[in-house]
1. Please find, within segment 113-152, the residue that is nearest to ALA49 (Cα to Cα) out of those that are in contact (Cβ under 8 Å) with a residue 60 or more places away in the chain and in contact with a Leu (Cβ under 7 Å, 6 or more places away or on another chain).
2. For segment 26-41, indicate whether the set of residues that are in a loop (DSSP other than H, G, I, E, B), out of contact with any strand residue (DSSP E or B) (no Cβ under 8 Å at 6 or more places or on another chain) and either without any contact (Cβ under 8 Å) to a residue 24 or more places away in the chain or open to solvent by 70 Å² or more (accessible area, probe 1.4 Å) (or both) is non-empty.
3. Looking at segment 74-89, which of its residues are more than 16 Å from ALA49 (Cβ to Cβ) and in a helix (DSSP H, G or I)?
4. Within segment 52-65, can you find the residues that are closer than 18 Å to LEU92 by Cβ and surrounded by 15 or more Cβ atoms within 10 Å (Cβ to Cβ)?
5. In segment 170-185, how many are surrounded by fewer than 14 Cβ atoms within 10 Å (Cβ to Cβ) and in a strand (DSSP E or B)?
6. What's the number of the condition PRO167 fails, among (1) assigned to a helix (DSSP H, G or I); (2) open to solvent by 100 Å² or more (accessible area, probe 1.4 Å)?
7. Quickly run through segment 91-100 and pick out the residues that are small (Gly, Ala, Ser) and open to solvent by 40 Å² or more (accessible area, probe 1.4 Å).
8. Residues LEU104, LEU133, LEU174: which one is touching a Phe, Trp or Tyr at 6+ places or on another chain (Cβ under 6 Å) and within 26 Å of ASN35 (Cβ to Cβ)?
Amino acid sequence: FGAPLPVTLAAKRRQGLMPGSELFLPGLLHQARDNYWRYASFRPAFALAAAGAIGALVRRGPWLLVLGWSLLYAAAYTALGVTSYFWYYGPLVAGFVALAGLGLAELGQLAERWLKRGWAAWALKLLLLALALRPLVGGIPFMRAHPDARQAIYRSAGEWLRQHTPPGTRVGALEVGMIGYYAERPMVDFAGLIQPAVAAQLGPAS
């Protein structure tokens, strides 16, 4: 790779300077709005997370550590000015899920308090749990039935390069990981993730 330390973050900062690049925070809002909020099955999770955030602030319990870590992570990446990639939001999911679970617990306690631990309280808690789990029930089978089609394409491209190019041939690409693995050829990454000199060329004039 040419250096003992990865240069991914520095490259993503350079990419964030390019015209038309979507930065981390706008990308987060875009992901939340267009990939989750637009689907009705995900909306209860947002409501539960909001209830969980209120509960964490009121009770000032250990869940504030999860909330604070997620906020610090988002603030750091926003301040760094990195460009938006959907996998950059994975660490925020832990905080969101924890808050949704806390919100579920808070509403369950309210149900017991209002309905006096009767069958109605259990029915309400089961309804809340069903609403929270609904996206998983439909989402996981969908993801299994619709794998990333790019994987087969990248593998085929890499295998073709291995069979039709001499060893040591340098190959330029944007998706260097899987293609390079199957090609077994030195890769030149157009995005600068593995070559700092390439990343340095990215910027407002690129």
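1. Checking each candidate, the answer is ALA132.
2. Yes, the conditions are met somewhere in segment 26-41.
3. The answer is ALA75, ALA76, TYR77, THR78, ALA79, LEU80, PHE86, TRP87, TYR88.
4. The answer is GLY52, ALA53, ALA56, TRP63.
5. Residues meeting the conditions: 1.
6. (1)
7. The one that is small (Gly, Ala, Ser) and open to solvent by 40 Å² or more (accessible area, probe 1.4 Å): ALA94.
8. On the way: LEU104 fails: touching a Phe, Trp or Tyr at 6+ places or on another chain (Cβ under 6 Å); LEU133 fails: touching a Phe, Trp or Tyr at 6+ places or on another chain (Cβ under 6 Å).
Selected residue: LEU174, the only one of LEU104, LEU133, LEU174 that is touching a Phe, Trp or Tyr at 6+ places or on another chain (Cβ under 6 Å) and within 26 Å of ASN35 (Cβ to Cβ).
The values are calculated or read from the model by the stated rules, or taken from the named source; none is laboratory data. Not measured: the values here are computed from a predicted model. Heads up, the Cβs are rebuilt from the backbone with ideal geometry, glycines too, and the neighbour counts pull from every protein chain shown. Only protein heavy atoms, including side chains, enter the accessible area calculation; ligands, DNA and RNA are left aside. Shrake-Rupley method; radii C 1.70, N 1.55, O 1.52, S 1.80 Å.
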